[in-house]
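Chemist: Following this message is one structure expressed as structure tokens.
The values are calculated or read from the model by the stated rules, or taken from the named source; none is laboratory data. Just so it is clear, the structure is predicted and the values come from calculations on it, not from any experiment. Here the Cβ positions follow ideal geometry from the backbone for every residue, glycine too, while neighbour counts run over all protein chains shown.
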Amino acid sequence: MSKEITRRAFVKSILDDRPENLAVVAGLGSPCWDTAAAGDDPKNMYVWGAMGGAAMIGYGVAQAQKGRRILVITGDGEMMMGMGAFSTIAWHPVPNLAILVLDNGRFGETGAQPTHTSGPADLGALAAASGIEKVRTISDPDGTEGLKPFLFEEAGPVVAVAKIKYERLKFVLPSSSGTFLKDRFRTEMLGIDGATLP
């Protein structure tokens with residue numbers, strides 16, 4: 001029986017000992033909870049809403065913050081909704097952007113209905129067909145070896161699709177205040193010292 005990638009342990013392994021210059025944009029739902037469970041960080045931007053927007057938010061941050069590595073952690077349902085992002089990112093690439101798609105083939109926040117990747121859709125192939133040259137798909141925990149250098153050091157844009165086990169996990173909720181999260185993230189990105197946020 002093949003081993004499966006479990007999402008919380010996987011995301012934690014990616015974010016453990018993260019580079020100092022890494023900023024994370026976590027897509028709505030489970031990617032937010034997974035990122036928060038790995039440890040809250042002021043350089044995390046949790047996208048509570050705007051389904052389909054995480055990759056493009058990360059792309060915009062990468063354009064504005066060329067000295068930082070930007071990692072988008074999102075899900076298959078959200079990435080399918082914002083699939084046009086792959087084409088835009090490939091057409092006008094930025095070298096500091098990495099996208100990690102956690103693909104469990106489910107809309108986890110609305111009842112675990114199957115997403116398109118439960119059928120014939122292949123997000124890695126779609127990213128490549130859109131023009132993104134560096135794409136990896138992994139489905140076995142052993143395949144995660146070497147993924148951190150790919151996400152953190154390889155000249156981007158890079159896309160990694162991790163085929164993960166579907167699990168119903170307890171929520172680990174970050175702040176839901178959009179104002180707080182935006183201000184905290186902006187403070188970190190701009191390097192403002194001594195800012196006071198609620």
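Chemist: Output the number of the condition that THR88 fails; it satisfies all remaining conditions of (1) at pLDDT 90 or above; (2) closer than 23 Å to ASP17 by Cβ; (3) not hydrophobic (A, V, I, L, M, F, W, C).
Modeler: With respect to (1) at pLDDT 90 or above; (2) closer than 23 Å to ASP17 by Cβ; (3) not hydrophobic (A, V, I, L, M, F, W, C), THR88 is out only on (2).
Chemist: Just checking, how many residues over segment 7-40 are part of a loop (DSSP other than H, G, I, E, B), crowded, with 17+ Cβ neighbours inside 10 Å and not aliphatic (A, V, I, L, M)?
Modeler: Step one: list which residues in segment 7-40 are part of a loop (DSSP other than H, G, I, E, B), which gives 16-21, 27-29, 38-40.
Filter once more, keeping what is crowded, with 17+ Cβ neighbours inside 10 Å: 18, 27-29, 38.
Those still in the list that are not aliphatic (A, V, I, L, M) too: 18, 27, 29.
The number of residues fulfilling the criteria is 3.
Chemist: Follow-up. From the set of residues in segment 167-182 that are surrounded by fewer than 13 Cβ atoms within 10 Å (Cβ to Cβ) and hydroxyl-bearing (Ser, Thr, Tyr), which is modelled with the lowest pLDDT?
Modeler: If we filter segment 167-182 for residues that are surrounded by fewer than 13 Cβ atoms within 10 Å (Cβ to Cβ), which is where we start, we get 168, 170-171, 173, 176, 178-179, 182.
With hydroxyl-bearing (Ser, Thr, Tyr) added as a condition, the list becomes 176, 179.
Values: SER176: 82, THR179: 87.
Once the filter is applied, the top-ranked residue is SER176.
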